[in-house]
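Okay, so here's the structure we're looking at.
The numbers here are math on the coordinates, done by the rules we state, and not lab data. Because the structure is predicted, anything quoted here is derived from the model rather than measured. Methodologically, a virtual Cβ is constructed for each residue, glycine included, from the backbone with ideal geometry; neighbour enumeration extends over all protein chains shown.
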Amino acid sequence: MRVTSHGEMTTTAAFHSTVAVVGLGKIGLPLAVQFAQHGRRVIGCDINPLVIETINSGHAHVQEEPGIDEMVAQLVRDGALSATSDIADAVRQASVVVVIVPVIVDAERNVDLSSMTSATRMVGQGLQPGALVVYETTLPVGTTSGPLRQVLEETSGLTAGEDFFLAYSPERVSAGRIFRDLATYPKVVGGLGAADLDAAVSFYSAVLDAPIMQMQSTDDAEFVKLIETTYRDVNIALANEYARFADAHRLDVSAAIAAANTQPYSHIHEPGVGVGGHCIPVYPYFLINGDSGDIADTPTMTLPQRARQINDGMARYAIQRIEAEIGSLSGKAVLLLGVAYRANVRETAFTSALLLQDALRERGALVYSDDPLYNDEELSSLGFTPFRPELAGDVQAIIAQAAHRAYTSFDLRPFTACRVVLDGRHVLSQEQVEAAGMRYIRIGDGKVPVAAPVLIERR
Ligand SMILES: NC(=O)c1ccc[n+]([C@@H]2O[C@H](COP(=O)([O-])OP(=O)(O)OC[C@H]3O[C@@H](n4cnc5c(N)ncnc54)[C@H](O)[C@@H]3O)[C@@H](O)[C@H]2O)c1
């Protein structure tokens, strides 16, 4: 590594032990805590002043991780963790910079790198010779070695692989169990070159207890995360097609999948009313639409695209199942249980609840929503009409969209006009539903009324 003259002043002990974490969200804050607990002085950076204020006052704005509030309080008290909005200044003091700001897709499902590019510009402005920059955000293949490297070099005046180290390591954890995942999932790391990889491996070996998996390049490491997330979307799409097949042939898909999965090469997921969240329904588009421009002649991926269509089509299919039971939904009240994209999390990114609501409204239904994790004001601002108890007698169908703990004992007795309950996530008690005099159905249970036409959506 060539170190330029203005870098010599920064190679102090403080510089070597300081890590800047850029983006202090649901993943960035736990990462900052993890690094600080492993002897690093961590400066967290964010553009949200409230986040900075909360952390510097010794509190965690992220509540999903058990014990994180106490950990932040202790680390801030010890001077091991602080937060700032001055990214360049934090980076100037750090030998390692971990970037974990979101990359999203726009309405047309094209990859939007704007937040990442803006964070990278700030990183470049403070970047010191000899420092390591690692991107952990999920990225389209070629982004670290292409556009992000270019921004870093332009803003710092330094050359990646010569003056500073550049690496990519996907964050594979799930919110709510981050510290456990960090300790167990192998850490996949790729570098721009061999020295970059060594620098990243040496950092992660010191701050994580999990094994490290070394990849050939940053591109390879980026590809890993897209493979694992897209696999799940495609797998669920296959389960959903099996479910529709089961309905058409009056078979029970859950029992069949459970039996098939006793063969060690079969790992079929559960079918359902759709796939939500900021990962599984989003990252396939990083493969489909994510070409960063540096990889010529990228072959079109058809299977991930088809899987997206199938999974997004499950909301409409669920409505067809209900119509097969009670006829047209025009003017009828339907209750959605759960707007969150998955069980017991307060997060609605790409939730199937919106697709269900749209599909129901297309059929003229009046749609009310319930979610114990949101108050009425929050439900309204998310675009849902909050359910009120006095409406219970009007509701003619219920769809369980999120498997929140609270729904395992949901009281159905007030829903005196309700004839059918579609359990989209295996959360309700069939016994209780039937005891309340309602029909209990699931996607792929094969219990389509004999008189109903075979439910195959034509596209
Ligand atoms: N949330 C998950 O379950 C999960 C799991 C695995 C990986 N990831 C990866 O982590 C990334 C971040 O996810 P998250 O859940 O922590 O997001 P988040 O929305 O909770 O937090 C992102 C933080 O980045 C800050 N930010 C945005 N633009 C910035 C900028 N230009 N400079 C500095 N800070 C900026 C925001 O203010 C926010 O505090 C995702 O894009 C994904 O690639 C997330």
- [ ] Positive end of the charge dipole of the stretch 13-217 (Lys, Arg +1 and Asp, Glu -1 on Cβ, about the Cα centre): tell me which of 115, 206, 100 has its Cα farthest that way.
- [x] 206
- [ ] Grab the alpha carbons of the stretch 49-161, take their convex hull, and tell me the volume per residue in Å³.
- [x] 125
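Sort 45, 418, 279 by Cβ crowding within 10 Å, fewest neighbours at the top.
Fewest-to-most ranking of 45, 418, 279: 279, 418, 45.
Considering all projection directions equally, how large on average is the shadow of the alpha-carbon convex hull of the chain, in square nanometres?
Mean orientational projected area (the chain, Cα hull): 23.3 nm².
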- [ ] With a bin width of 5 angstrom, please list the P(r) values of the stretch 13-217 as percents of all Cα-Cα pairs, from the 0 bin to the one holding the largest distance.
- [x] 1, 8, 17, 21, 22, 17, 9, 4, 0, 0
- [ ] Treat every Asp and Glu Cβ in the stretch 13-217 as -1 and every Lys and Arg Cβ as +1, leave all other atoms uncharged, and give the resulting dipole magnitude about the Cα centre to the nearest 20 debye.
- [x] 280
Open item on the list: Considering just Cα atoms, how many Å³ per residue does the convex hull of the stretch 177-333 enclose?
Closed with: 178
Open item on the list: Given contacts defined as C-alpha pairs under 8 Å and at least six residues apart, what's the relative contact order of the stretch 224-459, whole-number percent?
Closed with: 25
Task: Test item: Cα-centred dipole of the stretch 340-459, Lys/Arg +1 and Asp/Glu -1 on Cβ, debye - done: 480
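Arrange 283, 265, 407 by Cβ neighbour counts within 10 Å, fewest through most, would you? Intermediate results must be reported in sequence, preceding the final value.
Numbers: 283 26, 265 6, 407 21.
Ranked by crowding around the Cβ, least crowded first: 265, 407, 283.
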Task: Long-range lysine pairs (8 or more apart or interchain), the chain, Cα under 30 Å - done: 4
Task: Per-residue HN-Hα couplings for the stretch 137-144 [Karplus 6.51, -1.76, 1.60; θ = phi - 60°; Hz; x = Gly/Pro] - done: 4, 5, 9, x, 4, x, 6, 5
Task: Within the chain, helix-based [θ] at 222 nm, where runs of 4 or more DSSP H residues each add -39,500 (n - 2.57), nearest 500 - done: -11000 deg cm²/dmol
Open item on the list: From the convex hull of the Cα coordinates of the stretch 224-459, what is the mean projected area in square nanometres?
Closed with: 14.3
TODO: Return a whole-number percent for the relative contact order of the chain, with Cα pairs under 8 Å and 6 or more residues apart as the contact set.
DONE: 12
- [ ] Determine the dipole magnitude for the chain: charges of +1 sit on the beta-carbon of Lys and Arg, -1 on that of Asp and Glu, nothing else is charged, the reference point is the Cα centre, and the result goes in debye to the nearest 20.
- [x] 1120
Task: Inter-part distance where the stretch 212-272 and the stretch 166-202 are each reduced to a Cα centre, Å - done: 24
Task: Most to least packed among 194-201, 256-263 [average Cβ atoms within 10 Å] - done: 194-201, 256-263
